[in-house]
1. Being surrounded by fewer than 20 Cβ atoms within 10 Å (Cβ to Cβ) and either within 18 Å of Arg148 (Cα to Cα) or not assigned by TED's automatic domain parsing to the domain that holds Tyr151 (or both) is the filter here, so list the residues in the range 66-99 that pass it.
2. May I ask you to verify whether Ala85 is outside any helix (DSSP H, G or I) and either away from the ligand (no atom under 13 Å from the Cβ) or farther than 23 Å from Leu172 by Cβ (or both)?
3. Is there any pair linking a residue in the range 166-182 that is under 22 Å from Lys58 (Cα atoms) and assigned to a loop (DSSP other than H, G, I, E, B) to one that is within 16 Å of the ligand (Cβ to nearest atom) and among the acidic types (Asp, Glu), with Cβ under 7 Å and at least six apart or on different chains, and which?
4. Could you identify the single residue in Gly43, Gly25 that is assigned by TED's automatic domain parsing to the domain that holds Leu135 and either modelled with pLDDT of 90 or more or more than 17 Å from Leu133 (Cα to Cα) (or both)?
5. Only residues that are within 15 Å of the ligand (Cβ to nearest atom) and either hydroxyl-bearing (Ser, Thr, Tyr) or free of Cβ contacts under 8 Å to residues at least 12 places away in the same chain (or both): list them for the range 39-64, please.
6. Would you mention how many residues in the range 378-408 are in a loop (DSSP other than H, G, I, E, B), modelled with pLDDT of 90 or more and not hydrophobic (A, V, I, L, M, F, W, C)?
7. May I ask you to list the residues in the range 126-148 that are hydrophobic (A, V, I, L, M, F, W, C), away from the ligand (no atom under 16 Å from the Cβ) and surrounded by 21 or more Cβ atoms within 10 Å (Cβ to Cβ)?
8. Return the pairs, sorted by first residue and then second, in which the second residue is polar (S, T, N, Q), the first residue lies in the range 101-125 and is touching a residue at least 40 places away in the same chain (Cβ under 8 Å), the beta carbons are less than 7 Å apart, and the residues are 6+ apart or on different chains.
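The values are calculated or read from the model by the stated rules, or taken from the named source; none is laboratory data. All of these numbers come straight from a predicted model, not from anything done at the bench. Note: ideal-geometry Cβ built from the backbone for every residue, glycine included; neighbour counts use all protein chains shown.
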Amino acid sequence: MQISALLPNRINAQISLQPQSRFIGVTGPSGAGKSSLFRALAGVEKSAKVQTPWTSQKVGIVFQQPMLFPHTDVRGNLALAQRHASPNAMSIDTCLRGCYCEHLIDKPVQALSGGEAQRVAIARALVNGPDVLLLDESLSAIDIFTRRKIYQFLNNLCVSGKLICFVISHDLDDLALFSDELVFIDQGRTELCGKTRDVLTQVFAKEGFATPSSVLEGLKVTAQSEAFDSYQSQNAVVSYKPDSETQQDRNVLTIQDNEECQSENGIERVEVAGHEIFVTAESVSYLPQQCGEQVSVRFAVKACDVSIDTNTADFGNASTISILNALPCVISRIEPVANPLSSLNDPENNADTKRTPTKLATANSAKVLLKLDVLNSNQTLYASISCISLTRLELAVGMQVIARFKLP
Ligand SMILES: Nc1ncnc2c1ncn2[C@@H]1O[C@H](COP(=O)(O)OP(=O)(O)OP(=O)(O)O)[C@@H](O)[C@H]1O
């Protein structure tokens, strides 16, 4: 999928995406041109020159400021959007439920909170039946739990082939969780674009983040008794029928209901590289799958939540600590975390590149960042640990360790 947008003195972006990508995250510094890009793609900027693969499709946009019709209530707003809806658009009820705002239906627009208004604005955009939806920080005022559920709903629409979503956000955890691909815009240009975890790695390195998140993928573990539901859920994802509106709505919401009822106390179990990992239900996103395949999910782990255990003989037996998750890994890189209070820009420090990572890290900062390759997989974890631990555990590149991490 090739996209280009040119807006004199503001943007000159070329974006190249995989054809199968349906949920695309867009991020970058403030003033980089992200909103200008979306406005150009939505046709709002008349002087923009734009090339997209979806010229004949319906494009919707939702801004950070919801821009609801103020003279009516939520029902009135949705009814107005439905007047111009495409024939295969979802029902008002489905959109309201998916955006967690059914209870707001009779509220006047003026009486909505900022987050409620954002939820209604997204529901209204969906009622219109877009093929492509551009969300410009449109969930920024919504609490994390509701926000994640709405992203999950949007992701289900993407997975079922009903929607392509482009989402601008400064929340890299949200983008890590849901985006198939990530675009990093800077100074009006596409600086990075590609698979989310690769782009995130480069963004974290570029910005010198002390606690980057790693993105892991795995298979959802379902109990025997849940096998039928799981099969239904898988079918729901792939058996989308464009000619049946009721069936579509039911499919998307069935996935949502299954996800909610299948988690145990709000916790999902995910198999990663042959190991069972516990993840909170709101922290997993579902990936597209073929009929008959196990359900694949994605979740993000913050580097500050990962601890290193050098006792590799005691992999599953750490019964004296509260940390639930463990993955065997090999340390593939150790690098100092920049400490803004230290004299990192001191030429004397920078010239001293021959020192060991341990000494370099100790000299400049309190922490180091470990890159960990998960054994028997091509996945990567990051751990941010103190220099004291680095020295005390005598950690080195090539060493096998157990990465233990809290419930994401
Ligand atoms: N209508 C406009 N006319 C001229 N310049 C504009 C206009 N809107 C925005 N700009 C400028 O274009 C640049 C990019 O702005 P834009 O709003 O697209 O950035 P952004 O990446 O979305 O920022 P943020 O993350 O802060 O929302 C900024 O320098 C801004 O001042």
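1. Passing the criteria: only Arg97.
2. So Ala85 fits the description; yes.
3. From the range 166-182, no pairs qualify.
4. Gly25
5. Lys46, Ser47
6. Initial filter on the range 378-408 (in a loop (DSSP other than H, G, I, E, B)): 378-379, 393-399, 406-408.
Within this subset, residues satisfying the condition of being modelled with pLDDT of 90 or more are 379, 393-399.
The next check asks that each one be not hydrophobic (A, V, I, L, M, F, W, C); those that pass are 379, 394, 398.
Residues that pass the stated criteria total 3.
7. The initial filter retains those residues of the range 126-148 that are hydrophobic (A, V, I, L, M, F, W, C), namely 126-127, 132-135, 139, 141-142, 144-145.
Cutting the leftovers down to away from the ligand (no atom under 16 Å from the Cβ) gives us 126-127, 132-133, 142, 144-145.
Scanning the range 126-148 gives Leu126, Val127, Leu133, Ile142.
8. From the range 101-125, the pairs are Val109/Thr72; Val109/Asn77; Gln118/Ser138; Val120/Asn77; Ala121/Ser138; Ile122/Ser138; Arg124/Asn77.
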